[in-house]
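Here is the structure we will look at, set down as structure tokens.
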Amino acid sequence: MSDILRTYPVTEVAAWYRRLANRIGQERVNGQEPLSAQFLRHYVDNRDPDSTYSPAPPSYLTNNSLVLEALRYHRRVFLTEEKARITGRSDVWAGVIPRLQGRAGFTAWVPGQPLKMEYQSLVEMPLRFQVTGTREEKDLLTSLRGFQLKSEVSVRGSSPPNSTRVKIEFVDWSCRVLDRYDFNYDEYFTVPNPDYGSDRPGAIAPKEQSIRVYHRNAQRLERAGFAAPYNLDMQWQLSELTIKGAAEVDRNRNLGN
């Protein structure tokens, strides 16, 4: 399919991108405006590539099964039940037990004192969501696709006298989605044409119900100063008790070398 937008002046392409954002925004995903509409609208409004956009995350993001699965993994890392995956390094034991044991590389922790930890990992929405996904999953794929999910927790510990068992309570658990909203200029998306059936002056390809949008057109907008990529930082407090509930650990558990 040809690059239709390529034949139009950049000013008209910028206006079309805005109409696309508004067209997508007319739909509702789980009763909320799609993230894809919010992100695209902010993209054409933005002029500072170093800026950060922090919208409220929708419930279909915070309750997504892949997000919850990643948060359960974070819990296991914090409780030293599963090793932490560190980019460019071998998996390592982290969380409360190395701190209780005062192992090298960790600040020693005494139960009763406050302890803050953080960990993040990659979450990717699979491409199969294009075909098999729900409306919510399709929106997460087109708006985020892959992103870093960060957990920042505060825990407290308590232990009976002469016991190696330590009760761990998560006092606070903050979640953050961190990403960069930009485009791979070698790729494209097929999207509904907001000008389909329109007779307004400047309408783009009004006979086409959908258009293949090559992302090199986004590059044109950025170079002309009509849009800019930006950082994403969406935050919320975790409320899922099966993830943030209390647990017990053995402070003397052998972690090996």
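The values are calculated or read from the model by the stated rules, or taken from the named source; none is laboratory data. This is a predicted model, so every value here is computed, not measured. Because the Cβ atoms are built from the backbone with ideal geometry, glycine has one as well, and the counts that use them run over all protein chains shown.
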Out of the residues in region 94-143 that are modelled with pLDDT of 95 or more and among the aromatic types (F, W, Y), which is surrounded by the fewest Cβ atoms within 10 Å (Cβ to Cβ)?
Y119
For the structure I just gave you, tell me whether I204 is within 30 Å of R145 (Cβ to Cβ) and outside any loop (DSSP other than H, G, I, E, B).
no
So which of P192, P201 is in contact with a helix residue (DSSP H, G or I) (Cβ under 8 Å, 6 or more places away or on another chain) and within 21 Å of R18 (Cβ to Cβ)?
P192
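Of the residues that sit in region 45-60 and are of a type in the set (D, E) and in contact with a Phe, Trp or Tyr (Cβ under 9 Å, 6 or more places away or on another chain), which one is nearest to T11 (Cα to Cα)? Don't jump to the end; show me each part of the working.
So the first thing to find is which residues in region 45-60 are of a type in the set (D, E), and the list is 45, 48, 50.
Next, only the ones that are in contact with a Phe, Trp or Tyr (Cβ under 9 Å, 6 or more places away or on another chain) stay: 48, 50.
Working: D48: 19, D50: 23 Å.
Of everything passing the filter in region 45-60, D48 is nearest to T11 (Cα to Cα).
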Enumerate the strands (runs of 3 or more DSSP E) found wholly within region 207-257, keeping only those where 1 or more residues are surrounded by 12 or more Cβ atoms within 10 Å (Cβ to Cβ) and touching a Cys at 6+ places or on another chain (Cβ under 6 Å).
230-237
Quick count over region 29-81, residues being modelled with pLDDT under 95 and hydrophobic (A, V, I, L, M, F, W, C), is 1
Residue, nearest to the chain's Cα centre (by Cα), within region 174-186, restricted to residues that are acidic (D, E) and part of a loop (DSSP other than H, G, I, E, B)
D182
Is there a residue being in contact with a Phe, Trp or Tyr (Cβ under 9 Å, 6 or more places away or on another chain), under 27 Å from L122 (Cα atoms) and among the polar types (S, T, N, Q) anywhere in region 250-257?
no
Out of V171, V166, which single residue is in contact with a helix residue (DSSP H, G or I) (Cβ under 7 Å, 6 or more places away or on another chain) and in a strand (DSSP E or B)?
V166
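Can you work out which of the residues in region 168-181 that are in contact with an Asp or Glu (Cβ under 9 Å, 6 or more places away or on another chain) and surrounded by 16 or more Cβ atoms within 10 Å (Cβ to Cβ) is farthest from V249 (Cα to Cα)?
Here is the first cut: in region 168-181, the ones in contact with an Asp or Glu (Cβ under 9 Å, 6 or more places away or on another chain) are 168, 172-179.
Checking the rest, the ones that are also surrounded by 16 or more Cβ atoms within 10 Å (Cβ to Cβ) come to 168, 173, 175-177, 179.
Values: I168: 7, W173: 19, C175: 23, R176: 26, V177: 29, D179: 33 Å.
It comes out as D179.
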Of the candidates R18, R85, R47, the one satisfying the condition of being touching a residue at least 40 places away in the same chain (Cβ under 8 Å) and of a type outside the set (G, A, S) is R47
Somewhere in region 44-56, is a residue part of a helix (DSSP H, G or I) and more than 24 Å from F183 (Cα to Cα)?
no
Across region 1-35, what is the number of residues that are touching a strand residue (DSSP E or B) at 6+ places or on another chain (Cβ under 9 Å) and closer than 16 Å to L141 by Cα?
2
Any residue that is among the charged types (D, E, K, R) and closer than 26 Å to L61 by Cβ - is there at least one of those in region 191-201?
no
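Of all residues in region 63-90, which are aliphatic (A, V, I, L, M), crowded, with 17+ Cβ neighbours inside 10 Å and part of a loop (DSSP other than H, G, I, E, B)? Break it down stepwise before answering.
Narrowing region 63-90 to residues aliphatic (A, V, I, L, M): 66-68, 70-71, 77, 79, 84, 86.
With crowded, with 17+ Cβ neighbours inside 10 Å added as a condition, the list becomes 67, 70-71, 77, 79, 84.
Residue satisfying the conditions is L79 alone.
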Scanning region 9-43 for residues that are in a loop (DSSP other than H, G, I, E, B) and either closer than 17 Å to G225 by Cβ or of a type in the set (A, V, I, L, M, F, W, C) (or both) gives P9
